[in-house]
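Each reported figure results from applying straightforward, stated rules to the coordinates on display, with no laboratory input. Please read all numbers here as calculations on a predicted model, not as lab measurements. Neighbour counts are summed over all protein chains in view; Cβ atoms, including those assigned to glycine, are modelled from backbone coordinates with ideal geometry.
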Amino acid sequence: MSTSNETRGRRSHADFDRLWKDVEGRDSYWENLARLQFIAAVRAHLRTNEISQVELARRLDWQPAQVSRALRGGQNLTLRSMVKMCRALGLRLDIGAVALDAAFARPAGATPVASALEVAEPREDPPGPPSWDSTTRGTARAGERESEI
């Protein structure tokens with residue numbers, strides 16, 4: 001006896017919703033969402049004001065690769081590094097809190113993934129070979145701290 005596509009689709013949707021509620025219940029989800037929102041805001045500011053990552057690195061006294069890793073989301077940005085980035089760009093870091101019910105609210109018909117990623121941007125890879133790619137992400141060079149910037 002086979003299950004119809006419609007029944008299978010409903011079951012998959014229910015399973016996905018249950019899985020998504022589990023993910024939303026984890027602190028790491030909210031930490032990563034806040035990090036992605038911060039990175040998206042910084043990248044938008046850089047693009048709007050035609051500031052390169054190399055220029056941001058100069059202002060921060062960081063290596064360009066360090067800025068690249070931070071803006072890819074591959075590093076755990078500390079509050080200190082977020083403030084430093086904002087100040088280098090003439091911005092003020094604004095942290096707020098909203099009622100959890102409001103945080104869970106999604107537009108009608110929106111999937112959880114679409115709502116969570118609404119701040120995500122298409123990745124813009126520079127021409128030529130990158131100095132850090134997915135195979136080297138998480139690898140610290142001598143003298144660099146892997147877990148935080």
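Results, tabulated for the structure shown:
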read-out	value
FRET efficiency estimate (nearest 0.05) - Cβ-Cβ, Trp20 to Arg92, R0 35 angstrom	0.60
Sites Arg72 and Ala99 - FRET efficiency at Förster radius 35 Å, r taken between beta-carbons, to 0.05	0.65
Label-point separation in nm, Arg80 to Asp61, each point 7 Å along Cα→Cβ	1.3
Chain lengthening between His13 and Glu50 when straightened (0.36 nm per residue, less Cα-Cα)	9.1 nm
